[in-house]
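The values are calculated or read from the model by the stated rules, or taken from the named source; none is laboratory data. A quick note: this is a predicted structure, and the numbers were derived from the prediction, not measured. Here Cβ is always computed from backbone atoms with ideal geometry, including for glycine, and neighbour counts include all displayed protein chains. We work out accessible area using only protein heavy atoms, side chains counted, and drop any ligands, DNA or RNA first. Shrake-Rupley method; radii C 1.70, N 1.55, O 1.52, S 1.80 Å.
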Amino acid sequence: MTLSEKVIRPEVRELAAYHVPASAGFLKLDAMENPYRLPEALARELGQRLAEVALNRYPTPTYSALKEKIRTHLGVPAGFDVLLGNGSDELISMISVACARPGAKVLAPVPGFVMYAMSARFAGMEFVGVPLKADFTLDLPAMLDAVRQHKPAVTYLAYPNNPTGNLFDAGQMIEILRAVGNDGVVIVDEAYQPFAQASFMDRLPEFANLVVMRTVSKLGLAGIRLGYMSASAELLAEFDKVRPPYNINVLTEAAAECLLDRIEVLDQQAAALRQARGQLVAALSTLPGVEVFPSAANFLLLRVADADGVFSRLLDRKVLIKNVGKMHALLANCLRVTVSTPEENQLFLDALRASLAP
Ligand SMILES: *Cc1c(COP(=O)(O)O)cnc(C)c1O
């Protein structure tokens, strides 16, 4: 037996590492990044703020000023606090660690965000994926059956869903919240909330088992790695115990505090992207052989005749999108593309048109 065979858990050795492709020199439309930079004056102001940060000191572990700005600028209901993560990826990991009692299971519709299943397995929990319907809506009877059968400790509902882009029916989500009841927590992952303009945040007072998770990544700050979640004080206090004490570094803390005071800049960028999304959908709908699915996110899911061929011909043209065709049977021949600036969207459209046929 090799050293790794002896010491590394078998479920970890079996996993494939989360693959991030090299993208230098490409039109990068694979990761749902906001294409816009900060306005020059704001970038300088931020530079000034960051220069004043005491890098020699640990962060203050309460992060109270940052949390207060998140609560007030990002619509957290009165009486609810937030917990911060190094990206929402870390929050997902904290939830897994906190909930991984022996036999505990994690439930989510599939295809969905891959980190739910990965993180469950890291923590030694079984992941139960319930297929969506062919139109990517929830299969409510199947979800309710799975809740009854598996009694999941954690259920994830991404709102809107990645990689399909659609918002699930809110009424059906509430049926799932009620069915899970006191037996588990339901995480509504609102990573794309700036583009969806729909949220469960204001429903926190209604459901003791509801956790609303968000990130500033898709809003335009993917590089600073900051996610947050809100839930009852009782749940947040438990999740907080598994949080590494200084998980948000002082530069992220200062940058977020500075930029949340100027949230309108990022909101305007999100509004421009929502408008660009509509234009891109309209243009793609005119292309023969391309099916575009409805999206409430900053990306579009497309179906073409030969996703592998189209994907590799786009790569030849230095355009990087995501080939999700092999992720799940429901996604056969599907591609996912980030909505970008009107200029980059046009470059993508031209490259796609040229790539549809060999
Ligand atoms: C991108 C994404 C995240 C991860 O966001 P980070 O805060 O950058 O870690 C979480 N959930 C979904 C559904 C996403 O698409």
Could you please let me know if Thr286 is surrounded by fewer than 20 Cβ atoms within 10 Å (Cβ to Cβ), more than 17 Å from Glu33 (Cβ to Cβ) and of a type in the set (S, T, N, Q)?
yes
For the range 135-149, give me each residue that is under 20 Å from the mean Cα position of the chain (by Cα) and open to solvent by 10 Å² or more (accessible area, probe 1.4 Å).
Thr137
Going by the conditions given, is Asp267 acidic (Asp, Glu), open to solvent by 40 Å² or more (accessible area, probe 1.4 Å) and under 19 Å from the mean Cα position of the chain (by Cα)?
yes
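Residue-by-condition table, conditions (1) more than 16 Å from the ligand (Cβ to nearest atom); (2) part of a loop (DSSP other than H, G, I, E, B); (3) surrounded by 17 or more Cβ atoms within 10 Å (Cβ to Cβ):
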residue	(1), (2), (3)
Asn34	no, yes, yes
Gln48	yes, no, no
Leu55	yes, yes, no
Ile70	no, no, yes
Leu91	no, no, yes
Met94	no, no, yes
Leu107	no, no, yes
What single numbered condition from (1) closer than 19 Å to Ala191 by Cα; (2) part of a helix (DSSP H, G or I); (3) not hydroxyl-bearing (Ser, Thr, Tyr) fails to hold for Arg44?
(1)
Among Pro152, Pro102, Pro61, which is the only one that is open to solvent by less than 50 Å² (accessible area, probe 1.4 Å), in a loop (DSSP other than H, G, I, E, B) and of a type outside the set (Phe, Trp, Tyr)?
Pro152
Find all pairs meeting these conditions: Cβ atoms under 7 angstrom apart; at least six residues apart or on different chains; first residue within the range 132-150 and more than 21 Å from Asn209 (Cβ to Cβ) and at pLDDT 95 or above; second residue open to solvent by 20 Å² or more (accessible area, probe 1.4 Å) and assigned to a helix (DSSP H, G or I).
Leu132/Leu330; Ala134/Leu330
Output for Cβ contacts, cut-off 6 Å, separation at least six or different chains, first residue within 21 Å of Ser96 (Cβ to Cβ) in the range 185-211, second open to solvent by 10 Å² or more (accessible area, probe 1.4 Å) and among the hydrophobic types (A, V, I, L, M, F, W, C), reads Asn209/Val185; Val211/Val185
With the first residue restricted to the range 78-96 and required to be hydroxyl-bearing (Ser, Thr, Tyr) and at pLDDT 95 or above, and the second required to be in a loop (DSSP other than H, G, I, E, B) and more than 7 Å from the ligand (Cβ to nearest atom), Cβ contacts under 7 Å at 6 or more apart or on different chains are Ser96/Ala123; Ser96/Met125
When the range 72-83 is checked residue by residue, the ones that are part of a strand (DSSP E or B) and either more than 16 Å from the ligand (Cβ to nearest atom) or out of contact with any Asp or Glu (no Cβ under 9 Å at 6 or more places or on another chain) (or both) are Asp81, Val82
Quick one: in the range 330-343, of everything that is in contact (Cβ under 8 Å) with a residue 60 or more places away in the chain and surrounded by fewer than 18 Cβ atoms within 10 Å (Cβ to Cβ), which residue is nearest to Val130 (Cα to Cα)?
Leu330
For residues that are part of a helix (DSSP H, G or I) and among the aliphatic types (A, V, I, L, M), scanning just the range 301-329, find the one that is surrounded by the fewest Cβ atoms within 10 Å (Cβ to Cβ).
Ala329
